[in-house]
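Some notes on the structure that comes next.
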Amino acid sequence: MFLKNIIRPYSTGCAREIVKFYYDFKSPYSYLALDSAFQLEKEYSVQVRFLPWAFRPEESFGGNLQERNRLNWNKVRYLYLDCRRFANERGMIIRGPERLFNSRLSLIAGLYADKNKFFPNYAQQTFQRFFNRQLNLENFEEITKILYENSTKDVSFEKFIQDFQTYVQNQGEQDYLNAEKEAEQDRIFGVPTFIIRDEPFWGNDRIEWVKKKLDSLKLKKT
């Protein structure tokens, strides 16, 4: 069981514990947890795996916007109130989206960015623009533009578009389905969720418990 939770980079030969981080670009709490997820690799001998999980607001908050009852609207408003409290403490802006979005394309783009080693910049830009109401997560051109802006730009934009489109239609779809299966095995029900040796930590405010778990495993960098 232990062996599946570590990775051994060829560059150093040192074993690193795997920490899974499930996220969704339409989840404000995933946005709040993102920097903490990045910081883990700086403070601990771990590798964070960024795994997409499409949050389903229709299931959590009583259907589509027109179907929500008063109780569910009260719940949503309060959750965004807390989001803004967390965000204000850190100088971030989080504005609730004006409609429900399908984030599948942006999440597949996240897998593409991760494979090409520019996920952090892509993720930060995607979250920031979406929660400033400056990005449509369903728009291929907008998503591709963010990807290219944060890539190495060692090919033309036209070639980049072709490569990403091929990925979306082929391997990207399979990678996304594989992530869904892994999430089911990890019993994911919401995001953000950290997983350490099969133990879940749900919520952006669970980061201190995540660190305590890693401390107990003696993974703190010296």
Query raised in the report: With 133, 104 as the choices, which residue is open to solvent by 80 Å² or more (accessible area, probe 1.4 Å), modelled with pLDDT of 95 or more and touching a Pro at 6+ places or on another chain (Cβ under 9 Å)?
Result: 133
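Is there a residue being among the acidic types (Asp, Glu), under 28 Å from residue 89 (Cβ atoms), at pLDDT 95 or above and touching a helix residue (DSSP H, G or I) at 6+ places or on another chain (Cβ under 9 Å) anywhere in the stretch 197-205?
Filtering the stretch 197-205 down to residues among the acidic types (Asp, Glu) leaves 198-199, 205.
Then keep just the ones that are under 28 Å from residue 89 (Cβ atoms); that gives 199, 205.
Those still in the list that are at pLDDT 95 or above too: 199.
In the following step, the residues that additionally are touching a helix residue (DSSP H, G or I) at 6+ places or on another chain (Cβ under 9 Å) were identified as 199.
Within the stretch 197-205, one or more residues are among the acidic types (Asp, Glu), under 28 Å from residue 89 (Cβ atoms), at pLDDT 95 or above and touching a helix residue (DSSP H, G or I) at 6+ places or on another chain (Cβ under 9 Å).
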Report summary line: The condition from (1) open to solvent by less than 40 Å² (accessible area, probe 1.4 Å); (2) closer than 23 Å to residue 209 by Cβ; (3) modelled with pLDDT of 85 or more that residue 41 misses is numbered (1)
Query raised in the report: Which one of these is under 27 Å from residue 35 (Cα atoms), hydrophobic (A, V, I, L, M, F, W, C), open to solvent by less than 70 Å² (accessible area, probe 1.4 Å) and touching a residue at least 24 places away in the same chain (Cβ under 8 Å): 177, 217?
Result: 217
Report task. Among the candidates 70, 99, single out the residue that is modelled with pLDDT of 85 or more, among the basic types (Lys, Arg) and open to solvent by 30 Å² or more (accessible area, probe 1.4 Å). Result -> 99
Requested in this report: Return only the number of the condition from (1) outside any loop (DSSP other than H, G, I, E, B); (2) out of contact with any Leu (no Cβ under 9 Å at 6 or more places or on another chain) that residue 124 does not satisfy.
Outcome: (2)
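From the list 123, 113, 183, which one is among the small types (Gly, Ala, Ser), in contact with a Gly (Cβ under 7 Å, 6 or more places away or on another chain) and open to solvent by less than 70 Å² (accessible area, probe 1.4 Å)? Break it down stepwise before answering.
On the way: 113 fails: in contact with a Gly (Cβ under 7 Å, 6 or more places away or on another chain); 183 fails: in contact with a Gly (Cβ under 7 Å, 6 or more places away or on another chain).
Exactly one of 123, 113, 183 is among the small types (Gly, Ala, Ser), in contact with a Gly (Cβ under 7 Å, 6 or more places away or on another chain) and open to solvent by less than 70 Å² (accessible area, probe 1.4 Å), namely 123.
If I ask for residues that are open to solvent by less than 40 Å² (accessible area, probe 1.4 Å) and either modelled with pLDDT under 95 or not hydrophobic (A, V, I, L, M, F, W, C) (or both), which ones from the stretch 149-170 would you list? Spell out the reasoning first.
The initial filter retains those residues of the stretch 149-170 that are open to solvent by less than 40 Å² (accessible area, probe 1.4 Å), namely 150-151, 160, 164, 167-168.
Result: 150, 151, 167.
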Query - Long-range neighbours under 8 Å by Cβ, at least six apart or interchain, first residue within 12 Å of residue 36 (Cα to Cα) and touching a residue at least 24 places away in the same chain (Cβ under 8 Å) within the stretch 197-208, second open to solvent by 70 Å² or more (accessible area, probe 1.4 Å) and not basic (Lys, Arg) - result: none
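Only one of these is assigned to a strand (DSSP E or B), under 21 Å from residue 36 (Cα atoms) and either open to solvent by 20 Å² or more (accessible area, probe 1.4 Å) or touching a helix residue (DSSP H, G or I) at 6+ places or on another chain (Cβ under 6 Å) (or both): 189, 194. Name it.
Values: 189 fails: assigned to a strand (DSSP E or B).
The conditions single out 194.
The values are calculated or read from the model by the stated rules, or taken from the named source; none is laboratory data. Model, not experiment: these values are computed from the prediction. Glycine also receives a Cβ, built like all others from the backbone with ideal geometry; neighbour counts cover every protein chain displayed. With ligands, DNA and RNA removed, areas are computed over all heavy atoms of the protein, side chains included. Shrake-Rupley method; radii C 1.70, N 1.55, O 1.52, S 1.80 Å.
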